[in-house]
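See structure below.
No value in this document is a laboratory result; all are computed from the given coordinates. What you see is a predicted model, and the numbers here were worked out from it, not measured in a lab. Here the Cβ positions follow ideal geometry from the backbone for every residue, glycine too, while neighbour counts run over all protein chains shown.
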Amino acid sequence: MMYGRLPILPFDHQDDNVTLSYDSTHINKLNQFLSKLNEQAKINIIRNQERYKQRYDINRADPSYNIGDLVLVKTLNIRHKFDIRYEGPFRIIKQLTQKTFIIQHVKKSTLHLILSQREYEDLLWKIKNIPSTITGKKRHNLRTTFKKKLHEHELATKYPPFELLKFEQLFINFRTTDSTLIHLIDQIKSTTVFTLDTGSVLIPYQPNAAALIQVQIILSESVSSVELIEMCHLPRAYEHTFTLVKQFFQALFNADNNIFIWGNINELHSFCSYNLFTYDQLDLCNPINLQNAFKTHWNEQHPHQPTTSSASINYSDYTVAFELSEWWDKRQTTSSFDIGLDPTLYHFNSAEIEHRQSLIRYAVYDCLSMQLIMLKLKLIEPQESNINPSNEIVAATLNDITDMTSDDDQHDLPATNNFEPISPTDIQADSIPKRQQTLTKAERRRIHNRTSTLKQRKRYYKTEIIISNIDRRFTTKEIQGIIKSYGVPYSAANFSTSSTIRKRSVHIGMQKSSQINDYQHRIDHLFTTSPFNRFINGRRTNK
């Protein structure tokens, strides 16, 4: 048919009634056809999987691990895609089955070269080709900086990493319990040998700000306790915990104690402003300048070197390398020790925790290196302690020895739980020795209640929802009321504020962990500025 022309052929005639044949077994035939398709698809999938496995097994060798091999351990329960996926290194100490091993955390830190080969060659070129436009003191300082980096790289390449002695690590701040401080005071009274160092924050064109005191209580030749006193995060002056911290320093600065310090005791004068100890206490104590003792020892062992040569040695930086034949990186001497090192102070992300761990490691190594030098110079004699540190604390610090087995997945490394730094709240009551009967009944009840509250708080927040960037005007009662109105079963709710970006977050402890994703989806949008304005307007309307 063409437009504008009459049809040449007539239209097909259709009957008024159309009859379709009915098949009573059509549904059964259709179901049979679908079942055959499903069966064929299942067979094809299984066949393809078998072929893939055959090709995979032919082209790869099964991983083979031997006793003594170093392995990384897969981290469980990763919450963010940038979280650390593997931990370690761990050493295989026993093989149970073909895929099951017992592994042990390596005590030594892995050796890291400060410079790559390319950076090393680039640094050599820079030393030889300093621009002629740079002259005078600036040229001298630049050349000294380059040479120091080069020397540090050579020492890190030549010597093995610094090896730790056995120790326990504790923080002293506003979260420290009274029972922990009483335990530490008893430890101080049980020995007379200590090491002490300080950490400061560099402020341009001003004196360094006092931020951290490291105290090592040497209980025996191989066992000690390192306390990190965070001066910027102390308890309030009117609290009983603050009084116990003062008693800690009062027991430490006893005239009968030998306090080894790398330098002069005057570096503690800037800490007197925190009112934990006084200038008179520092004058009455018995400090021993370990730096001077090492200089004397070095000059006696190397009498052939001229005075100018021995004086040019940087004793503070290279003592561990020269005397102990081990390398310790000291580039974090003036770091941000005021940010709060204890991971229980606030809620930190993985990057913030990793940075704090490096600062903690540096602060602890400061004291442990002095102890090794004291033993090397025979300034202290081996001694036994009346108070043994808690084994549970030692197992939770850098000296962890943890038995773990691998999972059944042949493609993954062994799995383990996360390791967290030790915190004062982890000390069990049975590991604390009995104190002399000087506490009143009310003080004991207050210590017991505070310890129970911390344990209860841990239990409440075992499973939690964290909502970040909430409106700062919300109160705890308002948030609890909103959570209740949406039918979310919770056990507790509280706030935290980031120390860096000052953003506020709410932490909601959940009673049930099975539907946590559904509950989070219900309430994660309810605490921003817009919902707060609607909440306030609605409350005014109801009034």
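Here the extension length gained between PHE495 and ASN254 equals 82.6 nm, from 0.36 nm per residue of separation less the Cα-Cα distance.
Pop the C-beta distance of ASN292 and ILE134 into the FRET formula with R0 = 45 Å and round what comes out to the nearest 0.05.
Working: r = 37 Å, r/R0 = 0.82.
Computed FRET efficiency for ASN292 and ILE134 comes out at 0.75.
Site pair ASP280 and ALA351 shows an inter-label distance of 5.0 nm when each label is modelled 7 Å from Cα along Cα→Cβ.
May I ask you to work out the translational diffusion coefficient for region 461-542 at 4 °C, viscosity 1.567 mPa s, via Stokes-Einstein with Rh from the Kirkwood sum over Cα pairs, reported in whole µm²/s?
Working: Rh = 13.2 Å.
Approximately 98 µm²/s, per Stokes-Einstein.
The alpha carbons of region 174-248 stretch over 43, 33, 16 Å along the principal axes, in descending order. Can you tell me the FRET efficiency between HIS521 and LYS53 if r is taken as the Cβ-Cβ distance and R0 is 30 Å, rounded to the nearest 0.05? Computed FRET efficiency for HIS521 and LYS53 comes out at 0.20.
For ASN299 and ARG472, the difference between the fully extended length at 0.36 nm per residue and the C-alpha to C-alpha distance is 56.1 nm.
For GLN247 and THR97 in the same chain, what is the full-extension length gain: residue separation times 0.36 nm, less their Cα-Cα distance, in nm?
Numbers: separation 150, 0.36 × 150 = 54.00 nm, distance 5.40 nm.
Answer, rounded to one decimal: 48.6 nm.
How many angstrom separate the Cα center of region 166-240 from the Cα center of region 457-485? About 33 Å separates the Cα centre of region 166-240 from the one of region 457-485.
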